[in-house]
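Visitor: Pasting a structure below so you can have a look.
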Amino acid sequence: MNASHVSLRDDYEVSCEEIDVLVDLAWETEGVIGSRITGGGFGGCTVSIVKNDAVDHFIDKLGKAYKEKTGHEAEFYVVEIGDGAKRNLSRRKRHDIG
């Protein structure tokens, strides 16, 4: 994940200073497994994988440091990993199952 960001930043040159600040801050934060730019590039969003017990510290640290370094407010969206897609056979008619 981290190498992907480096490639997008250096090889494809689709990152920007604000994104690099967020990613660098994330990489320096304990509990972060990885962080990279996401989306179409040239600004926008990063995605970071953070251990559950480090999420609050991550948000606090990055929010403050990002504002200090860029003058912009960062927004955070916390999500949890689900079990993924599943096939629901209970709705199918008996003769459709084959």
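Visitor: Can you give me the long-range amide H partners of G43? Hydrogens built in the peptide plane at 1.01 Å from N, cutoff under 5 Å, separation of 5 or more residues or another chain.
Guide: Residues meeting the amide H criterion: C16.
Visitor: In Å, what Rg and Dmax follow from the Cα atoms of segment 17-71?
Guide: 10.7, 31
Visitor: Report the full-extension gain for the segment K51 to V14: residue separation times 0.36 nm, less the Cα-Cα distance, to one decimal in nm. Mind dumping the intermediate values first?
Guide: Values: separation 37, 0.36 × 37 = 13.32 nm, distance 2.73 nm.
Between K51 and V14, full extension yields 10.6 nm more.
Visitor: While we're looking at this one, here's another question. With θ set to phi - 60° and the Karplus curve 6.51 cos²θ - 1.76 cosθ + 1.60, what are the ³J(HN,Hα) couplings of segment 69-84 in order, to the nearest whole Hz, using x for Gly and Pro?
Guide: Those phi angles translate into 7, 10, x, 10, 8, 8, 10, 10, 10, 8, 10, 10, 6, x, 7, x Hz.
Visitor: Report the per residue volume, in Å³, of the convex hull enclosing the C-alpha atoms of the chain.
Guide: Per-residue hull volume (Cα only) is 154 Å³.
Visitor: Which of the aspartates and glutamates could be linked to K61 by a straight reach, that is with a Cα gap under 19 Å, when you skip same-chain ones fewer than 8 residues away?
Guide: Straight-line reach from K61, under 19 Å: E17, E18, D20, D24, E28, E30, D53, E73, E75.
A short reminder: the numbers here are calculations on the coordinates, not readings from a lab. Note that the structure is a prediction, hence the values are computed from the model and not measured.
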